[in-house]
Amino acid sequence: MSFKRLLIANRGEIAIRVIEAASELELGTVAIFSEDDARSLHVVRADEAHQLRGVGAAAYLDSEQILTLAGQARCDAIHPGYGFLSENAAFAQRCAEAGVR
């Protein structure tokens, strides 16, 4: 594996599954969460968690905020989950520009 720390840019069940899979691969996991998701299970299960500004799904669509948090948490990869950012070509381009896989 060519990266060590994974930011999971999603919430709920998909984030938990990604955290479990990453843990099996011995990757460090970083969860992000909106203000209203602070008590969600994915926040507890990840090795580390960082709060996004904003509430609901909109917070998870703020690609610049997510990239900033990824940098602050020293993540070299982002898993977009499904929905939210996974089909956003502009987000993928911004990740590439930032050196994040």
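Checking the stated criteria, V30 turns out not to satisfy the condition of being touching a Phe, Trp or Tyr at 6+ places or on another chain (Cβ under 7 Å) and either without any contact (Cβ under 8 Å) to a residue 40 or more places away in the chain or under 16 Å from R17 (Cβ atoms) (or both). In this structure, does V100 turn out to be within 12 Å of the chain's Cα centre (by Cα), surrounded by 12 or more Cβ atoms within 10 Å (Cβ to Cβ) and assigned to a loop (DSSP other than H, G, I, E, B)? Yes, satisfied.
Checked against (1) outside any loop (DSSP other than H, G, I, E, B); (2) open to solvent by 20 Å² or more (accessible area, probe 1.4 Å); (3) free of Cβ contacts under 8 Å to residues at least 60 places away in the same chain; (4) more than 16 Å from A77 (Cα to Cα), H42 meets all criteria but (2). All conditions but one from (1) within 19 Å of V100 (Cβ to Cβ); (2) not in a loop (DSSP other than H, G, I, E, B) apply to F3; the one that does not is (2). Considering R11, R74, R53, the condition of being open to solvent by 10 Å² or more (accessible area, probe 1.4 Å) and at positive phi is satisfied by R74 alone. Filtering segment 46-85 to residues that are hydrophobic (A, V, I, L, M, F, W, C) and part of a loop (DSSP other than H, G, I, E, B) leaves A46, L52, V55, L61, A73, C75, F84, L85. Scanning segment 13-39 for residues being part of a helix (DSSP H, G or I) and either farther than 20 Å from Q65 by Cα or more than 12 Å from the chain's Cα centre (by Cα) (or both) gives a total of 14.
Among the residues of segment 25-35, which ones are surrounded by 12 or more Cβ atoms within 10 Å (Cβ to Cβ) and of a type in the set (D, E, K, R)? Outline the logic, then answer.
First, pick out the residues of segment 25-35 that are surrounded by 12 or more Cβ atoms within 10 Å (Cβ to Cβ): 27-35.
Once the filter is applied, which keeps residues that are surrounded by 12 or more Cβ atoms within 10 Å (Cβ to Cβ) and of a type in the set (D, E, K, R), segment 25-35 yields only E35.
Count of segment 77-92 residues, restricted to those that are open to solvent by 80 Å² or more (accessible area, probe 1.4 Å) and in contact (Cβ under 8 Å) with a residue 24 or more places away in the chain, is 1. Can you confirm whether segment 59-71 contains a residue that is over 11 Å from the mean Cα position of the chain (by Cα), farther than 24 Å from A98 by Cβ and either in contact (Cβ under 8 Å) with a residue 12 or more places away in the chain or open to solvent by less than 80 Å² (accessible area, probe 1.4 Å) (or both)? Taking every residue of segment 59-71 in turn, none turns out to be over 11 Å from the mean Cα position of the chain (by Cα), farther than 24 Å from A98 by Cβ and either in contact (Cβ under 8 Å) with a residue 12 or more places away in the chain or open to solvent by less than 80 Å² (accessible area, probe 1.4 Å) (or both).
The values are calculated or read from the model by the stated rules, or taken from the named source; none is laboratory data. Here the structure is a predicted model, which means the values were calculated and not measured. Here Cβ is always computed from backbone atoms with ideal geometry, including for glycine, and neighbour counts include all displayed protein chains. For the accessible areas, the whole protein counts, side chains as well, though only heavy atoms, and no ligand, DNA or RNA atoms are used. Shrake-Rupley method; radii C 1.70, N 1.55, O 1.52, S 1.80 Å.
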